[in-house]
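The values are calculated or read from the model by the stated rules, or taken from the named source; none is laboratory data. As the structure is a prediction and not an experimental result, all values here were calculated from the model. Virtual Cβ from ideal backbone geometry, glycine too; neighbours counted across all protein chains shown. Side chains are part of the model used for accessible areas, which takes the heavy atoms of the whole protein and leaves out ligands, DNA and RNA. Shrake-Rupley method; radii C 1.70, N 1.55, O 1.52, S 1.80 Å.
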Amino acid sequence: MSEFVRICAKADLPQTGEAREIVAGDKVLCLANVDGGISAMDNICPIARSARPGMIEGSKVICPWHAWAFDVKTGAAEHTPMARVDVYEVKIEGDDVLAKL
Ligand code: FES
């Protein structure tokens, strides 16, 4: 059963229009800031299973290896929606960022 766990400090969040990789327990996550909204998704691309530092384009995180675009809310790849990464609910409590992992 998933539950909210602290994944980083609020001060560690990416700036608007940026993404950042963090390690939370056994997961490697991509935190993305799209217009001030924070999302968290697995940072392991389903194409090559490699970690990918995210770049933001609109509401998508772009994998730098083959440029697949993943929606920050659904985790679905833009041109192949059946390919997706897991996304996690995020909330901020005080100075802590929590995700439902
Ligand atoms: S490894 Fe991510 S799109 Fe190819």
Checking residue 1 against (1) without any contact (Cβ under 8 Å) to a residue 12 or more places away in the chain; (2) crowded, with 16+ Cβ neighbours inside 10 Å; (3) under 20 Å from residue 101 (Cβ atoms), the condition it does not meet
(2)
Need the failing condition index for residue 20 against (1) open to solvent by less than 50 Å² (accessible area, probe 1.4 Å); (2) away from the ligand (no atom under 14 Å from the Cβ), just the number.
(1)
Expected single match for touching a Ser or Thr at 6+ places or on another chain (Cβ under 7 Å) and of a type in the set (Val, Ile, Thr) among 97, 28, 34 is 34
Kindly provide the set of residues from region 47-62 that are of a type in the set (D, E, K, R), within 12 Å of the ligand (Cβ to nearest atom) and surrounded by fewer than 17 Cβ atoms within 10 Å (Cβ to Cβ), ordered by number.
49
Is it fair to say residue 69 is open to solvent by less than 30 Å² (accessible area, probe 1.4 Å) and among the small types (Gly, Ala, Ser)?
yes
Expected output for region 29-46 (first residue within 16 Å of the ligand (Cβ to nearest atom) and part of a strand (DSSP E or B), partner modelled with pLDDT under 95 and polar (S, T, N, Q), Cβ below 9 Å, 6+ apart or cross-chain) is 29/43; 30/43; 32/59; 44/50
Looking at 26, 35, 12, 42, which one is open to solvent by 40 Å² or more (accessible area, probe 1.4 Å) and within 16 Å of residue 100 (Cβ to Cβ)?
26
Candidate set: region 63-86, residues that are within 11 Å of residue 41 (Cβ to Cβ) and in contact (Cβ under 8 Å) with a residue 24 or more places away in the chain; chosen: the one farthest from the ligand (Cβ to nearest atom)
73
